[in-house]
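Chemist: Okay, here's the structure, questions in a sec.
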Amino acid sequence: MAGAGLLLLVHILAARLLGPDYGKYAYVCTWAVVLAMVGKLGWDSTFMRYLPRYEVAMRRDLLRGLLGFAWQSTAAWFLAICAVFLLIARRLLPLSWHDLVFCYLLAAAYIVLRIANGCLRSRKRIFRAESPERLFYTLAFGGILGSLLLLRVRVDYTAVLLADVLVLGACAVVALAWCAGLYRANLKGVTARFERGAWLNTCVPLLFMSCMQLVQNRTDILMIASLLGKTEAGVYTAATRIASVMVLGLVSINTITAPTISEALAAEDRGRLGAILSFSAAASLAFLAVCLPGLVLGSRLLLSLFGAGFTAGRAALLILVVGQGANALCGPVAIVMAISGEQWIAFVLIFLSAAANVVLNAFLIPRYGLVGAAVATCASMIFWNVAMAVYIGLRLRIDPSFFRLVPWLVSRVRRPTS
């Protein structure tokens with residue numbers, strides 16, 4: 001949670017340092033995230049499903065096979081999508097050659113961090129999983145930006161992208177070293193065994209889910225940049241960064257509980273699973289109760305931290321807060337569906353939501369600007385979260401949302417009558 005707060009501060013410093021050029025920086029970073037989400041092939045989530053099971057079953061041969069196959073297939077896949085993206089970008093996107101180079105380098109570092117994160121989280125090494133990206137990166141990169149700002153050094157967005165690449169790359173090396181050190185001794189001399197069919201049957205739909213989530217989460221920014229300009233995209237990016245604070249509680253809890261959810265589902269221990277989900281729901285609800293008033297009442301002040309012109313995104317911010325609040329209240333629906341083997345159904349629901357998001361953004365942005373983009377994103381976000389929560393309740397007989405706390409809350413509010 002602290003790391004996410006530091007990341008928000010990093011973007012505030014970048015916006016103050018770059019001014020109108022912050023939109024250009026945000027645009028390149030957005031495409032880097034798009035490439036990374038597609039390029040990681042869903043292996044981080046696949047690790048959460050298989051690595052704990054192989055650990056419990058003492059299947060070191062499958063552990064070695066899965067880890068080797070994941071990294072090799074990711075490298076080949078990333079090179080392929082880079083080639084395809086180059087052809088698309090040079091013809092259709094306002095990206096220069098140096099923008100593309102920075103985009104590729106950032107994406108590669110993100111991929112290493114995400115896959116290493118899934119590997120470490122599956123072994124419950126939470127600090128090592130999260131600290132390279134959430135702590136080391138934000139402190140180092142934020143320190144560089146803060147120093148430039150204090151010294152009043154004038155730089156353009158390419159200099160900031162260069163610093164971003166160097167810091168994120170160093171953090172990726174640290175994460176990769178920790179991941180390798182975790183398994184090197186245990187897997188030394190072990191002959192790898194492969195279950196490629198089962199692994200691909202899991203990671204491919206998760207890849208499709210990642211693609212659809214990208215459409216869901218990034219379409220608004222990219223379409224604003226194309227239809228309204230990169231300056232407006234920078235304002236909207238600031239609003240999305242602030243609104244994402246609403247789900248920090250859920251994201252932080254998911255980081256801790258995802259491996260235990262996987263273990264409980266594998267052991268068919270519904271009592272333990274219910275306790276984990278109740279804890280997650282209670283923590284998310286408590287965090288919402290604390291941060292919601294501050295975000296609503298202080299929305300103008302928070303946006304002004306990015307710069308004077310960013311307060312134009314206040315209405316969009318308030319709408320996005322509603323969508324992110326619904327996301328948090330529905331609970332870890334995507335994680336439960338992916339780990340429980342319902343990844344194809346999850347993909348269908350995300351696909352429907354993403355398609356609706358594209359159509360709504362195309363219709364609303366030309367007419368209502370940033371507010372139209374926020375309405376489109378909010379509506380589609382609520383749809384897929386509620387749809388997944390309903391499916392999980394009907395199919396798996398599990399309630400991952402805050403509604404599982406309602407009976408307990410009612411019992412606490414009621415007073416016995418004598």
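The values are calculated or read from the model by the stated rules, or taken from the named source; none is laboratory data. The structure presented is a predicted model; accordingly, all values stated were derived computationally and were not measured. Note that each Cβ is placed from the backbone with ideal geometry, even for glycine, and that neighbours are counted across all protein chains shown.
Chemist: Restricting to region 278-293, count the residues that are over 18 Å from LEU318 (Cβ atoms), among the small types (Gly, Ala, Ser) and either surrounded by fewer than 20 Cβ atoms within 10 Å (Cβ to Cβ) or in contact with an Asp or Glu (Cβ under 8 Å, 6 or more places away or on another chain) (or both).
Modeler: 4
Chemist: Restricting the search to region 220-239, which residues are buried (at least 22 other Cβ atoms within 10 Å of the Cβ) and among the polar types (S, T, N, Q)?
Modeler: Once the filter is applied, which keeps residues that are buried (at least 22 other Cβ atoms within 10 Å of the Cβ) and among the polar types (S, T, N, Q), region 220-239 yields only THR237.
Chemist: Continuing with the same structure: Could you say which residue among GLY325, GLY309, GLY331 is on the phi > 0 side of the Ramachandran plot, in contact (Cβ under 8 Å) with a residue 60 or more places away in the chain and not polar (S, T, N, Q)?
Modeler: Only one candidate passes the filter, namely GLY331.
Chemist: Among the residues of region 62-92, which ones are surrounded by fewer than 16 Cβ atoms within 10 Å (Cβ to Cβ) and either assigned by TED's automatic domain parsing to the domain that holds ALA225 or more than 18 Å from TRP43 (Cα to Cα) (or both)?
Modeler: Within region 62-92, ALA83, VAL84, LEU86, LEU87, ILE88, ARG90, ARG91, LEU92 meet the criteria.
Chemist: Shifting gears a bit: Restricting to region 367-403, give me the number of residues that are within 14 Å of THR219 (Cα to Cα) and either touching a Gly at 6+ places or on another chain (Cβ under 8 Å) or in contact (Cβ under 8 Å) with a residue 60 or more places away in the chain (or both).
Modeler: 10
Chemist: Related question: Find the helices (runs of 4 or more DSSP H) located wholly in region 30-130 whose residues include 3 or more that are free of Cβ contacts under 8 Å to residues at least 24 places away in the same chain, and list them.
Modeler: The qualifying helices (runs of 4 or more DSSP H) are 60-92, 97-122.
Chemist: Here's a follow-up. Of the residues ARG314, ARG367, only one is in the same structural domain as TYR236 (by TED's automatic domain parsing) and touching a Lys or Arg at 6+ places or on another chain (Cβ under 7 Å); which?
Modeler: ARG314
Chemist: Among the listed residues LEU149, LEU135, LEU139, LEU162, which satisfies the condition of being at negative phi and modelled with pLDDT of 90 or more?
Modeler: LEU162
Chemist: When you scan region 120-141, how many residues do you find that are among the aliphatic types (A, V, I, L, M) and touching a Cys at 6+ places or on another chain (Cβ under 7 Å)?
Modeler: So the answer is 1.
Chemist: Would it be correct to say that ALA275 is modelled with pLDDT under 80, part of a helix (DSSP H, G or I) and surrounded by fewer than 16 Cβ atoms within 10 Å (Cβ to Cβ)?
Modeler: yes
Residue by residue, here is whether (1) more than 22 Å from PHE287 (Cα to Cα); (2) aromatic (Phe, Trp, Tyr); (3) modelled with pLDDT under 90 holds:
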| site | (1), (2), (3) |
| --- | --- |
| ALA334 | no, no, yes |
| TRP344 | yes, yes, yes |
| GLY369 | yes, no, no |
| MET381 | no, no, yes |
| GLY393 | yes, no, yes |
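Chemist: Right, another one. How about region 304-319: which of its residues are surrounded by fewer than 24 Cβ atoms within 10 Å (Cβ to Cβ) and part of a helix (DSSP H, G or I)?
Modeler: SER304, ALA308, GLY309, THR311, ALA312, ARG314, ALA315, LEU318, ILE319
Chemist: Related question: Of the residues in region 15-32, how many are closer than 16 Å to VAL101 by Cβ and among the aliphatic types (A, V, I, L, M)?
Modeler: Residues in region 15-32 being closer than 16 Å to VAL101 by Cβ and among the aliphatic types (A, V, I, L, M): 2 in total.
Chemist: Turning to a different aspect of this structure: Please find, among VAL247, VAL322, VAL290, VAL251, the residue that is at pLDDT 85 or above and assigned to a helix (DSSP H, G or I).
Modeler: VAL322
Chemist: Do we find that ARG218 is in contact with a His (Cβ under 7 Å, 6 or more places away or on another chain) and not assigned by TED's automatic domain parsing to the domain that holds TRP71 in this structure?
Modeler: no
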